[in-house]
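Here the structure comes first, spelled out in structure tokens, and everything after it is commentary.
The values are calculated or read from the model by the stated rules, or taken from the named source; none is laboratory data. Given the structure is predicted, the values throughout are model-derived calculations rather than measurements. Counting neighbours? That spans all protein chains shown, and the Cβs are built from the backbone with ideal geometry, glycine included. Accessible surface areas use protein heavy atoms only, side chains included; no ligands, DNA or RNA. Shrake-Rupley method; radii C 1.70, N 1.55, O 1.52, S 1.80 Å.
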Amino acid sequence: METHLHLPFSSPLNEYITSIWEVNGQRNITEIILPKGIFEMVFNLADDMKGILPFSHNAVDTPKCFIQGINTHVINVDYNGQQHLFGIRLQPHMVQRLLGIMPSELNNIIVDLTLIKSEFKFIWHQLMEAKSFEERVKVIEAVFPILSDADNPRLKKLSHLFLENSIQNFQSIDQISKEVFYSPRHLNRKVNSIFGMSAEELIIYKKFLYAVNLMHGDKTTLTDITYRSGFYDQSHFSRVFKKYTGITAKQYQTNKSELPFHLFS
């Protein structure tokens, strides 16, 4: 599997794009994607693929380019041929400004980007014609708009706290409220509009995401991961992990791939 990652630190697009990635994998594989807590646009640059979305049992053809939001259960994907995907990860609070839709409306679904804005069909063709990952990054930098989030410093801070690989400042509603200068009630409304869940639910979700990332770090026990992730005990952690993934934490740890949140067969 060949992977690429670009972090747009010096680009004006970093106001709403957190990273750009590409995966060129094997042929005829099956992939299970755990909830990752991200909003991302995905461009399929190879053969068709079918996906089973969260809480569904029917496989559907995925669009050539689509956006997906917060998932609270796994996605199953079958690649009928080569796997070659190009993706753009977004700041949660900037999704509406970029695409004109509420981020929470994207929970557990994928939406064809060409139905949101027709120019995405043109962008997909440009990405297909580009010869390398570096050229595809240049395509995005040339055609995507420059947007500012200067008038949303509190929402920007909320997005940052959610996306950073730490739970230090994300352990309670009162703590987050103080960090972003919202009352607990106002925080709950903002969290629901962006993430489609309550602030309390988002805290548990964030702990789950942090735990999965810990499994890909230094070798450590599930007991240690439980407490480092802020769960009450291992039983609590096990229930949450099974709720979001349908498998046990031990099963994931045994079968994990080099890509966090992704299982391949």
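Using the rule -39500 (n - 2.57) for each DSSP H run of four or more residues, divided by the residues of the chain, the 222 nm mean residue ellipticity is -11500 deg cm²/dmol. Let me check against my output: what whole-number percent is the relative contact order of the range 174-265, with C-alpha pairs under 8 Å and at least 6 apart? Worked out over the range 174-265, it gives 17 percent.
Compactness of the range 209-265, taken as the C-alpha radius of gyration over 2.2 N^0.38 Å, stands at 1.03.
If you take the alpha carbon atoms of the chain and fit the smallest convex hull around them, that volume is 128 Å³ per residue.
So how strong a dipole does the range 1-98 carry about its Cα centre when Lys and Arg Cβ are +1 and Asp and Glu Cβ are -1, to the nearest 20 debye?
Working: 6 positive and 9 negative charges, 44 e Å.
Its charge dipole is roughly 220 debye.
Potential lengthening of the chain between N255 and H186 amounts to 20.8 nm, from the contour at 0.36 nm per residue minus the alpha-carbon distance.
Students sometimes get this wrong: rank M215, M128, M102 by accessible area, probe 1.4 Å, all chains present, largest first.
M128, M102, M215
For a quick check, take a GNM of the chain with Cα springs below 10 Å and name the residue from D224, D174, D151 with the largest mean-square fluctuation. Fluctuation is largest for D151. Taking every C-alpha pair closer than 8 Å and separated by at least 6 residues, the mean separation divided by the residue count of the chain gives a relative contact order of 20 percent. Spacing of the modelled spin labels on D78 and S118, each 7 Å from Cα toward Cβ, amounts to 3.5 nm. Computed with a 1.4 Å probe on the full set of protein chains, the accessible area for S172 sits at about 50 Å².
Let me have the relative contact order for the range 52-200, percent, based on Cα pairs under 8 Å that are six or more residues apart. Kindly include the intermediate steps, with their values, before the conclusion.
Numbers: 138 pairs, mean separation 36.5, N = 149.
For the range 52-200, the relative contact order is 24 percent.
Each 10 Å bin from 0 upward holds the following percent of the Cα-Cα pairs of the range 63-221: 9, 32, 33, 22, 5, 0.
Modelled this way, with points 7 Å down the Cα-to-C-beta line, the labels at N107 and S235 are 2.8 nm from one another. Taking θ as phi - 60° and the Karplus parameters 6.51, -1.76 and 1.60, the scalar couplings of the range 21-38 work out to 9, 8, 10, 10, x, 7, 9, 6, 10, 10, 10, 10, 10, 6, x, 10, x, 9 Hz in sequence order, x denoting glycine and proline.
If you take the beta carbon distance between V143 and A46 as r and set R0 to 25 Å, what does 1/(1 + (r/R0)^6) give as a FRET efficiency, to the nearest 0.05?
Details: r = 21 Å, r/R0 = 0.85.
The formula returns an efficiency of 0.70 here.
In the context of the full protein assembly, Y79 retains an accessible surface of approximately 10 Å², using a probe radius of 1.4 Å and ignoring ligands and nucleic acids. At an R0 of 25 angstrom, the distance between the Cβ atoms of K219 and L5 translates into a FRET efficiency of 0.60.
Taking all protein chains together and rolling a 1.4 Å probe, S132 ends up with roughly 30 Å² accessible.
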